[in-house]
């Protein structure tokens, strides 16, 4: 059973931006638990073998539902997993990833400087930094074939080069902090950025990394992560795997996919490509994991050994 989030309709269409944008994480968890109870009541469903699947934000919901419903959930699957909360994920998306792109792609001389003009004309960089590209583009003009500085606000060298660490990084951090400001009573406008109530609840959320150890030992866990995920990077999955290993969770599996991004479609390492459906291999691995008789036998053996 698949259901839409509050305020969302077919094909991810936002039907009510105020409802969708102002939902809290706790309300999303409550919705998932209601969906679980509806599923269990269906006559064709085996209530003893329920699997919860969450993608992206859903990976912060699914473990909590499993913890609160230990007698109802047999397996959980985390696809494009979040180990940390949105504050850390947002810093990666808004600061770390653009800086890495600037260093690895635009800094041709490896001297910590990038061309303002090249940066403003680079489509990938423009996607990563948003309106910062417009600011960079407004900084220069060409007079008699020579590039000249127009606005030195974000170019303290007063030239046509930008220092990655001294100029670009502070601007990215300022931009992220401005987006993250929550004004009490402010209404949601999804066109302008994250909605206040949703954002506040995300920032206050205990990271999944801190609660994954509380998932019952008889609940199997599968993590599927694209190595080119630029929204929830592969390190998030590694953190969860490490924690599950350290607490000796009996049955957990991590499967990674080269060249696949956050939506499990072929993607570059820098940005998510909205190109098509999830790769068939990902679904095959999910089905194979769920239906593996050897894994089920091991699980039964482990549980039997735990009985006093």
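Arranged from fewest to most other beta-carbon atoms within 10 Å of their beta carbon, 257, 91, 101, 3 become 3, 91, 257, 101. Per-residue extension of 0.36 nm, minus the Cα-Cα distance of residue 110 and residue 47, leaves a gain of 16.9 nm for this segment. Relative contact order of region 1-41, taken over Cα pairs closer than 8 Å and 6 or more residues apart, is 32 percent. Cβ crowding within 10 Å, taken as a proxy for footprinting-reagent exposure, orders 82, 1, 278 from fewest neighbours to most as 1, 278, 82. If you take the Cα centroid of region 217-279 and the Cα centroid of region 89-134, the two points sit 25 Å apart.
Can you sort 167, 57, 246, 121 so the residue with the fewest Cβ neighbours within 10 Å comes first? Don't skip to the end; give the middle numbers.
Values: 167 22, 57 17, 246 9, 121 13.
Going from sparsest to densest Cβ surroundings: 246, 121, 57, 167.
Taking a ≥ b ≥ c as the square roots of the eigenvalues of the alpha-carbon gyration tensor, region 3-124 is classed prolate because a/c is 1.5 or more and a/b outweighs b/c. Answer rounded, prolate or oblate for region 1-41, using the Cα gyration tensor with square roots of eigenvalues a ≥ b ≥ c: rounded when a/c is under 1.5, else prolate when a/b is larger than b/c, else oblate. Oblate shape, in that a/c is at least 1.5 and b/c is the bigger or equal ratio.
A short reminder: the numbers here are calculations on the coordinates, not readings from a lab. Being a predicted model, the structure only gives us computed values, none of them experimental. Note: ideal-geometry Cβ built from the backbone for every residue, glycine included; neighbour counts use all protein chains shown.
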